[in-house]
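The values are calculated or read from the model by the stated rules, or taken from the named source; none is laboratory data. Here the structure is a predicted model, which means the values were calculated and not measured. In this analysis, Cβ positions are derived from the backbone assuming ideal geometry, glycine residues included, and neighbour counts consider all displayed protein chains.
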Amino acid sequence: GKYRVISTKPMPGTRWIRLLTDQNCRVEICTQKKTILSVEDILTLIGDKCDGVIGQLTEDWGEVLFSALSKAGGKAFSNMAVGYNNVDVDAATKYGVAVGNTPGVLTETTAELAASLSLAASRRIVEADEFMRAGLYDGWLPHLFVGNLLKGQTVGVIGAGRIGSAYARMMIEGFKMNLIYFDLYQATRLEKFVTAYGQFLKSNGEEPVTWKRASSMQEVLREADVISLHPILDKTTYHLINKDSLAIMKKEAILVNCSRGPVVDEVALVEHLKENPMFRVGLDVFEDEPFMKPGLRDMKNAVVVPHIASASKWTREGMATLAALNVLGKIKGYPLWSNPNQVEPFLDENSPPPA
Ligand code: GLV
Ligand code: GLV
């Protein structure tokens, strides 16, 4: 018989479906109208025979689902996401289900959204757009929507993995910003890039850009003008940005989050935005999606978008394809194309951050 593969959501493109159907799989796509499926909804989908599932980051993949999938003969689960904080990998392992994620294809797309939010915040694009639409523009003025110049300022990257490094390069090359970053691992290629680009600028008679690897996250928070968060979410990064970390940032700093909402204490952030009108944020993710903490939606100094960092057509089709390949490969007896074990931890609990 055919392998039964479930996708809990319709996904962009058709290539991922063909990949599976060409290889003796029957693909069932859940078309339920509700946006977020519950554990019970997914249990019903799995039924008593299911070889693999492609799921979404909004779903809670833990003990209950992995034991059911295993009982149904399931070998593989792939998140259609690079982040996998919604997946209990230990539970999956316990029930013999391999777990996949979809890195790589979303690196540039996500970095581009972080760059967009950085610019939107620094140049107050959304506020200015609202002003125009409200019919308030009655003539050019020297102080109308004055924002920050990025050139020559310092971009701070917290978590310099694939996405953080791609974002850093965009901001450095595009806007001639200096870099300060914090990561457990040295971002050697990024450092080399900044050095080479700095030399190029210098040979052009321009001010060179510089880089610095911070010895603590606090150093980044104190020194950077624009700070973008790119760690994974785990217990070491929960509320990484809180009241204390916000307090040491520059009063006119810009904070961007395209990682996971709980990396930022959103209640503390709202308080900080209220007390510091020149401090601005660009947020793609929220602590209790789809909700925002009280007060956030009224803050003019916040730009908010609904978790769309990986939302380009090419990337979303690529994520769907990679998720399908993960599941297909495992069913066919190959190793996963990509799995969370390849994701580097942000902070190693057993060894202190680099001094
Ligand atoms: C999206 O948030 C992802 O992790 O891919
Ligand atoms: C602004 O529009 C200028 O011309 O300086």
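Of the residues making up region 82-113, those that are among the charged types (D, E, K, R) and without any contact (Cβ under 8 Å) to a residue 40 or more places away in the chain are Asp88, Asp90, Lys94.
Restricting attention to region 37-80, the residues being surrounded by 15 or more Cβ atoms within 10 Å (Cβ to Cβ), part of a loop (DSSP other than H, G, I, E, B), modelled with pLDDT of 95 or more and of a type outside the set (Asp, Glu) number 9.
The rows are residues; the columns are (1) under 28 Å from Ser259 (Cα atoms); (2) within 25 Å of the chain's Cα centre (by Cα); (3) among the acidic types (Asp, Glu).
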| site | (1), (2), (3) |
| --- | --- |
| Trp16 | yes, yes, no |
| Gln23 | no, no, no |
| Glu28 | no, no, yes |
| Lys33 | yes, no, no |
| Ile46 | no, no, no |
| Asp51 | no, no, yes |
| Thr58 | yes, yes, no |
| Leu69 | no, no, no |
| Asp90 | yes, yes, yes |
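Determine whether Val157 is free of Cβ contacts under 8 Å to residues at least 40 places away in the same chain and either away from ligand 1 (no atom under 13 Å from the Cβ) or over 13 Å from the mean Cα position of the chain (by Cα) (or both). For Val157, the condition - free of Cβ contacts under 8 Å to residues at least 40 places away in the same chain and either away from ligand 1 (no atom under 13 Å from the Cβ) or over 13 Å from the mean Cα position of the chain (by Cα) (or both) - is not met.
Restricting region 168-200 to residues that are assigned to a helix (DSSP H, G or I), among the aliphatic types (A, V, I, L, M) and surrounded by 14 or more Cβ atoms within 10 Å (Cβ to Cβ), the residue that is nearest to the chain's Cα centre (by Cα) is Ala168.
Can you find a residue in region 204-223 that is assigned to a loop (DSSP other than H, G, I, E, B), at pLDDT below 95 and not charged (D, E, K, R)? No; the residues of region 204-223 include none that is assigned to a loop (DSSP other than H, G, I, E, B), at pLDDT below 95 and not charged (D, E, K, R).
Beta carbons closer than 6 Å, at least 6 apart along the sequence or on distinct chains, pair a first residue in region 222-250 that is among the β-branched types (Val, Ile, Thr) with a second that is crowded, with 23+ Cβ neighbours inside 10 Å and assigned to a strand (DSSP E or B) for Val226/Val155; Val226/Ile254; Ile227/Gly156; Ile227/Leu255; Ile241/Val264. With the structure loaded, tell me whether Asn101 is within 15 Å of ligand 1 (Cβ to nearest atom) and surrounded by fewer than 24 Cβ atoms within 10 Å (Cβ to Cβ) or whether it fails that test. No: the conditions fail for Asn101. When Ser245 is tested against the conditions (1) closer than 27 Å to Asn79 by Cβ; (2) among the polar types (S, T, N, Q); (3) outside any loop (DSSP other than H, G, I, E, B), the lone failure is (1).
Can you say whether Ser351 is at pLDDT below 95, assigned to a loop (DSSP other than H, G, I, E, B) and within 22 Å of Thr58 (Cα to Cα), as far as the supplied structure shows? No.
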